[in-house]
Ligand SMILES: Cc1cc2nc3c(=O)[nH]c(=O)nc-3n(C[C@H](O)[C@H](O)[C@H](O)COP(=O)(O)OP(=O)(O)OC[C@H]3O[C@@H](n4cnc5c(N)ncnc54)[C@H](O)[C@@H]3O)c2cc1C
């Protein structure tokens with residue numbers, strides 16, 4: 001039971017497999033090559049899922065940790081900057097119905113109660129537009145940094161939009177050439193279990209067996225190790241979040257130098273929503289919907305109508321259909337097998353949390369790497385608790401976007417507000433938030449997936465009414481809040497003037513690169 005963990009085998013070479021390999025190899029390979037041996041097994045027969053183009057600001061830290069240059073990322077992954085999300089049509093479906101969930105915190109967020117000040121005197125202005133400069137940067141097509149800002153540093157907090165296939169290729173090359181990761185291109189056909197029940201080795205179609213001490217299941221939705229071999233089932237979430245289907249397509253810009261949006265746009269539809277992600281060379285667009293509420297044909301017709309109305313080609317290429325069962329595994333780490341990525345679960349891509357979960361999982365696995373088999377079960381228990389908590393919070397946060405909608409046009413929107421579909425904890429918090437805005441008391445872990453500021457952006461962006469904001473507002477809070485609102489407006493002016501156009505900066509980086517630190 002005390003054998004050292006020396007051989008880590010990652011099965012799967014999608015974004016999850018290579019990100020995990022990079023994070024672990026960068027931390028554990030050992031200066032003299034005496035560290036942990038990291039191997040990635042990737043099937044030449046099964047392609048990676050090929051979607052997953054929206055990331056979180058955490059990606060900047062992850063890539064820096066791996067030692068990848070930001071210039072290389074921008075050049076090789078068709079990457080662009082993402083400053084948050086814009087939600088169109090989620091509240092009423094009217095033409096002027098929009099709100100932003102930017103990545104930057106509100107000005108003065110930890111200093112005073114901005115919500116009471118907003119509600120008492122500025123309720124006609126969208127919350128995020130009052131408390132943050134970032135929605136204005138997005139609307140004006142500004143980049144989140146300047147050409148002279150060093151790699152990974154930000155003027156305004158940002159993440160990336162990128163080509164998922166190119167991202168996995170770049171990570172693979174970096175991991176193999178610079179981090180000493182071993183790459184095995186072969187197809188897993190069976191699993192050899194030891195007497196204890198641990199995985200001893202993997203049987204490969206062409207190359208015999210691949211042994212290891214710890215196995216990371218990054219095999220995508222199939223979950224070959226944790227799900228299929230160990231039978232760890234999904235905790236289904238289709239009663240809370242109904243979307244289980246997506247139609248994805250890539251379309252060209254009408255002209256080569258068209259502006260690149262620096263936010264993901266999420267456009268509510270009759271039975272789901274459409275993402276629109278701008279990369280330098282194309283847009284990635286997809287309709288996520290509930291198969292219980294819409295046929296594929298109806299969803300495709302809505303997608304094509306959206307593409308045409310938003311300046312895309314009149315006759316876009318056929319969309320690719322993806323299906324998933326919304327849910328997460330009952331355990332993520334069982335015996336000597338830990339699942340990261342789609343193999344651990346998937347809930348619809350609203351707010352793009354899946355790759356961020358991969359980053360958090362890889363970081364915890366790397367930081368808490370068990371020294372030997374005897375330590376593994378304890379680390380596994382902590383890992384399982386940490387990620388169950390995260391999945392539950394993600395589900396509540398995504399559900400919030402539906403619960404607060406006032407749309408009545410289809411059963412989809414009405415069903416989404418049925419009491420039976422709302423998690424208990426979310427129902428309680430919504431009661432509480434009528435009297436106190438979301439705060440660190442509601443979300444008190446050090447690394448919450450969504451901080452309380454994100455809840456505020458969505459709640460008030462969707463018109464949630466505090467019960468007694470006027471009574472709660474103390475004059476000195478109101479005065480300080482006014483100061484922060486003015487500060488946000490002043491920053492908007494200064495940043496708009498100082499920051500380059502989003503496409504112009506990306507083209508500059510492609511030609512000249514960014515400063516390294
Ligand atoms: C419609 C949709 C939209 C999404 N949008 C976003 C988004 O905007 N942001 C975000 O963060 N996430 C998004 N996601 C999730 C995101 O795509 C995934 O989290 C991410 O791509 C990681 O996938 P993966 O590596 O776990 O799985 P995959 O990409 O499916 O990779 C699986 C790997 O396993 C290998 N494999 C399979 N079988 C075998 C075998 N027998 N032997 C050896 N190897 C094998 C394959 O070769 C492949 O390399 C989206 C998902 C969907 C479905």
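The values are calculated or read from the model by the stated rules, or taken from the named source; none is laboratory data. Just so it is clear, the structure is predicted and the values come from calculations on it, not from any experiment. For neighbour counting, all protein chains shown are included, and Cβ atoms are generated from backbone atoms with ideal geometry for every residue, glycine included.
Brief remarks follow.
- Restricting the first member to region 301-322 and to residues that are at positive phi, and the second to residues that are at pLDDT 95 or above, the beta-carbon pairs closer than 9 Å and six or more apart or on different chains are 311/253; 311/258.
- Leading residue by the ranking (surrounded by the most Cβ atoms within 10 Å (Cβ to Cβ)) among those in region 329-349 that are part of a loop (DSSP other than H, G, I, E, B) and more than 8 Å from the ligand (Cβ to nearest atom): 332
- Within region 155-198, the set of residues being within 15 Å of the ligand (Cβ to nearest atom), in a strand (DSSP E or B) and farther than 16 Å from residue 74 by Cβ comprises 182, 183, 184, 185, 188, 189, 190, 191, 192.
- Applying a threshold of 9 Å to beta carbon distances and a minimum spacing of six or more residues, or different chains, the list of pairs starting in region 355-373 at a residue that is within 12 Å of residue 65 (Cβ to Cβ) and ending at one that is in a loop (DSSP other than H, G, I, E, B) and within 16 Å of the ligand (Cβ to nearest atom) reads 359/55; 359/56; 362/340.
Here's the yes/no breakdown for (1) over 18 Å from the mean Cα position of the chain (by Cα); (2) within 16 Å of the ligand (Cβ to nearest atom); (3) assigned to a loop (DSSP other than H, G, I, E, B):
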position	(1), (2), (3)
299	yes, yes, no
303	yes, yes, no
321	yes, yes, no
351	no, yes, yes
376	yes, no, no
394	no, yes, no
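Yes/no matrix, rows are residues, columns are (1) touching a helix residue (DSSP H, G or I) at 6+ places or on another chain (Cβ under 9 Å); (2) closer than 28 Å to residue 3 by Cβ:
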position: 195; (1), (2): no, yes
position: 256; (1), (2): no, no
position: 294; (1), (2): yes, no
position: 297; (1), (2): no, no
position: 305; (1), (2): no, no
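- Scope region 18-49; condition without any contact (Cβ under 8 Å) to a residue 24 or more places away in the chain and away from the ligand (no atom under 13 Å from the Cβ); matching residues: 30, 31, 32, 34, 35
- Qualifying residue in region 50-63 (condition: at pLDDT 95 or above, more than 16 Å from the ligand (Cβ to nearest atom) and in contact with a helix residue (DSSP H, G or I) (Cβ under 7 Å, 6 or more places away or on another chain)): no
- Meets criteria (over 24 Å from the mean Cα position of the chain (by Cα), farther than 24 Å from residue 388 by Cβ and either away from the ligand (no atom under 11 Å from the Cβ) or assigned to a loop (DSSP other than H, G, I, E, B) (or both)) for residue 267: no
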